[in-house]
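J.: What follows is a single structure, and I will ask about it in a moment.
The values are calculated or read from the model by the stated rules, or taken from the named source; none is laboratory data. As the structure is a computational prediction, the values presented were derived from the model and not from experiment. Reconstructed Cβ throughout: ideal geometry from the backbone, glycine too, with neighbour counts over all protein chains shown.
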Amino acid sequence: MSGLISSSLARKVVMALSGLFLVFFLAQHFTINITSVIDPETFNVWSHFMGYNPIVQFALQPVLIAGVVIHFVMGFALELQNRKARGINYAKYNGGANAPWVSRNMIWSGLVVLAFLGLHFYDFWVHEMSYKYVDILPEDPTRYHAETVAKFAPFWRTVLYVISFVLLSLHLWHGFASSLQSMGVNNKYTPAIKKFAKIFAVVIPLGFAFIALYHHLNPITY
Amino acid sequence: MKLYLKIWRQKNAESKGSMVEYTLDGIENDMSFLEMLDVLNEGLINKGEEPVEFDHDCREGICGTCSLMINGRPHGPDSRVSACQLHMRSFKDGDSIVIEPWRAKAFPIVKDLIVDRSAFDRIQQAGGYISVNTSGRPVDANAIPIEKELADASFAAATCIGCGACVAACKNASAMLFTSAKVSQFALLPQGQVEASERVLNMVRQMDLEGFGNCTNTGACEVECPKGISLENIARMNREYLSASVKG
């Protein structure tokens with residue numbers, strides 16, 4: 001076990017496991033968010049549960065934050081190490097001839113998603129924290145839908161969210177299936193798993209983009 | 001055929017290299033790529049200049065000695081061939097061809113287009129073998145029944161010629177395809193089971209020590225490998241490594 005921490009293979013597994021955890025989280029996040037379009041009341045109930053349930057708040061939320069931090073810190077560390085491993089760059093390097101663009105540019109799609117997370121945290125998490133712990137406002141299980149819809153009123157925010165979801169899709173297009181290969185899964189089921197991963201990579205970010213656009217185009221008027 | 005060549009020239013390991021341009025005329029379609037370089041070198045020698053040094057041996061695509069990055073791709077534009085099996089019919093009159101050595105920190109340049117690939121030897125030495133008792137009553141390997149599918153997969157992994165195209169192609173200069181092929185060829189056979197755990201741990205440790213990059217599953221190595229070594233080998237190595245690590 002001693003060499004595991006510094007091993008290139010172990011680092012791949014850490015990237016894979018944290019990535020898969022975040023994929024699972026995305027699916028869960030999407031399931032709740034889509035109710036904001038289908039049934040605002042359900043969205044309010046679930047959002048309130050997520051915001052006030054102590055297990056979610058004090059156990060799952062820190063795990064999620066740790067998952068994100070581990071994934072991007074390890075991603076940066078690996079990227080730096082990989083750049084060093086080449087030494088002198090080629091005068092001519094035809095990377096497009098043997099590998100898809102998305103697989104060669106995970107660092108860039110990842111950086112956009114990371115920047116988006118900053119905005120997303122500011123928009124919702126910081127807002128929640130100040131509501132609960134700074135302003136110490138009372139619990140209101142009915143506020144979430146209206147607050148969410150209002151967030152998407154500005155055109156610039158909706159556009160930034162949609163662009164980020166496109167980059168998230170590209171990141172997942174390579175990352176989801178790749179994580180399984182890193183954990184040693186490559187067998188007769190791999191083509192089917194890859195297909196599922198690619199469908200997920202398109203459908204989930206597309207769904208998130210739809211939700212953002214839907215709320216932008218359907219503001220609540222009082 | 002007239003060609004415009006841009007070739008990496010570097011006097012020795014310590015000196016700083018640069019791209020040098022050459023114009024070469026009279027190249028025939030049926031010449032091999034290395035023969036084209038031979039023609040260039042003949043001209044350079046006749047002019048009293050230093051010939052371009054490049055690695056080659058069998059010129060039959062089986063020894064893994066040639067190591068040329070041609071127009072940004074290891075072994076050039078054709079698939080499943082090493083540079084010696086690449087022919088000038090893959091190019092046309094007036095083409096510019098950029099020729100560079102493999103670029104990896106773990107493969108230091110010796111001279112011009114020659115790189116030192118002894119890092120691969122050291123990975124092999126770390127575990128790419130099986131111990132067989134040759135005294136007393138050696139058991140004929142053919143007497144051990146092995147499933148056809150496993151034997152085929154092991155053989156496919158063993159066709160790796162260790163040329164280093166995987167490292168050259170990989171954007172991370174990772175040696176995982178090579179190492180995984182060398183792990184897999186034994187991991188699939190009963191003869192390889194005795195040292196299975198220490199083999200994968202030692203070979204991966206040596207691979208990391210040599211300074212190769214990490215695999216990000218782009219698949220470039222598999223596409224550029226002249227022997228078509230599959231990415232399945234990397235997944236197998238990952239499995240072997242994880243189970244060996246857990247076993248301690």
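J.: Got a number for residues in the stretch A:83-127 being of a type in the set (Val, Ile, Thr) and touching a helix residue (DSSP H, G or I) at 6+ places or on another chain (Cβ under 9 Å)?
T.: Total meeting the criteria: 4.
J.: Going through the stretch B:18-74 one residue at a time, which ones are within 14 Å of chain A (Cβ to nearest Cβ), under 28 Å from B:VAL223 (Cα atoms) and not hydrophobic (A, V, I, L, M, F, W, C)?
T.: Matches in the stretch B:18-74: B:SER67, B:ASN71, B:GLY72, B:ARG73, B:PRO74.
J.: Same structure again: For residues that are in contact with a helix residue (DSSP H, G or I) (Cβ under 7 Å, 6 or more places away or on another chain) and closer than 11 Å to B:PRO226 by Cβ, tally how many sit in the stretch B:50-66.
T.: Of the residues in the stretch B:50-66, 2 are in contact with a helix residue (DSSP H, G or I) (Cβ under 7 Å, 6 or more places away or on another chain) and closer than 11 Å to B:PRO226 by Cβ.
J.: Right, another one. Here is a list: A:MET50, A:MET74. Which entry is in contact (Cβ under 8 Å) with a residue 40 or more places away in the chain and under 26 Å from A:PHE165 (Cα atoms)?
T.: Selected residue: A:MET74, the only one of A:MET50, A:MET74 that is in contact (Cβ under 8 Å) with a residue 40 or more places away in the chain and under 26 Å from A:PHE165 (Cα atoms).
J.: Which pairs do you get when a residue that is surrounded by 15 or more Cβ atoms within 10 Å (Cβ to Cβ), found in the stretch A:107-126, comes within reach of a residue that is among the hydroxyl-bearing types (Ser, Thr, Tyr), reach meaning Cβ atoms under 7 angstrom, with the pair 6+ apart or on two chains?
T.: Once the first residue is surrounded by 15 or more Cβ atoms within 10 Å (Cβ to Cβ) and sits in the stretch A:107-126, its partners that are among the hydroxyl-bearing types (Ser, Thr, Tyr) give A:VAL112/A:SER164; A:VAL113/A:SER164; A:PHE116/A:SER164.
J.: If I filter the stretch A:89-103 for residues that are under 19 Å from the mean Cα position of the chain (by Cα) and at pLDDT 95 or above, do I get at least one hit?
T.: Yes, the conditions are met somewhere in the stretch A:89-103.
J.: In the stretch B:218-240, what count of residues is obtained for those that are more than 18 Å from the chain's Cα centre (by Cα) and over 20 Å from B:THR159 (Cβ atoms)?
T.: 2
J.: From A:ILE55, A:ILE65, A:ILE34, grab the single residue that is in a helix (DSSP H, G or I), at pLDDT 95 or above, more than 22 Å from A:TYR131 (Cβ to Cβ) and not polar (S, T, N, Q).
T.: So the residue among A:ILE55, A:ILE65, A:ILE34 that is in a helix (DSSP H, G or I), at pLDDT 95 or above, more than 22 Å from A:TYR131 (Cβ to Cβ) and not polar (S, T, N, Q) is A:ILE34.
J.: I've got another one for you. Looking at the stretch A:129-139, can you tell me whether even one residue there is exposed (fewer than 13 other Cβ atoms within 10 Å of the Cβ) and touching a residue at least 24 places away in the same chain (Cβ under 8 Å)?
T.: Yes, because at least one residue in the stretch A:129-139 is exposed (fewer than 13 other Cβ atoms within 10 Å of the Cβ) and touching a residue at least 24 places away in the same chain (Cβ under 8 Å).
J.: Looking only at residues that are of a type in the set (Asp, Glu) and assigned to a loop (DSSP other than H, G, I, E, B) in the stretch B:132-151, which one is surrounded by the fewest Cβ atoms within 10 Å (Cβ to Cβ)?
T.: B:ASP140
J.: Does the stretch A:68-108 hold any residues that are in a helix (DSSP H, G or I) and facing another protein chain (nearest Cβ under 7 Å), and which are they?
T.: A:LEU78, A:GLN81, A:ASN82, A:LYS84, A:ALA85, A:ARG86, A:GLY95, A:ALA97, A:SER103, A:ARG104, A:MET106
J.: Please list, ordered by first then second residue, the pairs with beta carbon atoms under 6 Å, 6 or more apart or interchain, first in the stretch B:144-157 and assigned by TED's automatic domain parsing to the domain that holds B:PRO226, second part of a helix (DSSP H, G or I).
T.: Within 6 Å, the pairs are B:ILE144/B:PRO190; B:SER154/B:GLN185; B:ALA157/B:ALA181; B:ALA157/B:SER184; B:ALA157/B:GLN185; B:ALA157/B:ASN233.
J.: Tell me, yes or no, whether the stretch B:188-198 has at least one residue that is outside any helix (DSSP H, G or I), at the interface with chain A (Cβ under 9 Å from one of its Cβ atoms) and in contact with a Leu (Cβ under 8 Å, 6 or more places away or on another chain).
T.: no
J.: In this structure, is A:PHE49 farther than 30 Å from B:LEU68 by Cβ and either within 14 Å of chain B (Cβ to nearest Cβ) or touching a His at 6+ places or on another chain (Cβ under 8 Å) (or both)?
T.: no
J.: Moving to a separate point now. Considering (1) under 24 Å from A:LYS198 (Cα atoms); (2) of a type in the set (Ser, Thr, Tyr); (3) exposed (fewer than 15 other Cβ atoms within 10 Å of the Cβ); (4) in contact with a helix residue (DSSP H, G or I) (Cβ under 7 Å, 6 or more places away or on another chain), say which one A:THR31 fails and leave the rest.
T.: So A:THR31 meets the others, but not (4).
J.: So, one more: Check the stretch B:90-103 and report whether any residue there is farther than 24 Å from B:LEU3 by Cα and either surrounded by fewer than 16 Cβ atoms within 10 Å (Cβ to Cβ) or free of Cβ contacts under 8 Å to residues at least 40 places away in the same chain (or both).
T.: no
J.: For the condition surrounded by fewer than 24 Cβ atoms within 10 Å (Cβ to Cβ) and in contact (Cβ under 8 Å) with a residue 12 or more places away in the chain, what is the one hit in B:GLY248, B:GLY192, B:GLY213?
T.: Residue meeting the stated conditions: B:GLY192.
J.: Here is a follow-up. Would you confirm, using the coordinates I've provided, whether B:SER79 is in a loop (DSSP other than H, G, I, E, B), out of contact with any Asp or Glu (no Cβ under 6 Å at 6 or more places or on another chain), of a type in the set (S, T, N, Q) and within 22 Å of A:ALA97 (Cβ to Cβ)?
T.: yes
J.: When the residues of the stretch B:113-128 are filtered to those that are within 14 Å of another protein chain (Cβ to nearest Cβ) and over 17 Å from B:MET203 (Cα atoms), which remaining residue is surrounded by the most Cβ atoms within 10 Å (Cβ to Cβ)?
T.: Among those residues, the one meeting the criterion is B:LEU113.
J.: Checking the condition in a loop (DSSP other than H, G, I, E, B), within 14 Å of chain A (Cβ to nearest Cβ) and within 20 Å of B:ARG236 (Cα to Cα), which residue from B:THR216, B:THR179 passes?
T.: B:THR216
J.: Right, another one. Tally the residues that are within 13 Å of chain A (Cβ to nearest Cβ) and more than 20 Å from B:PHE212 (Cβ to Cβ), restricting the search to the stretch B:96-112.
T.: Qualifying residue count for the region: 4.
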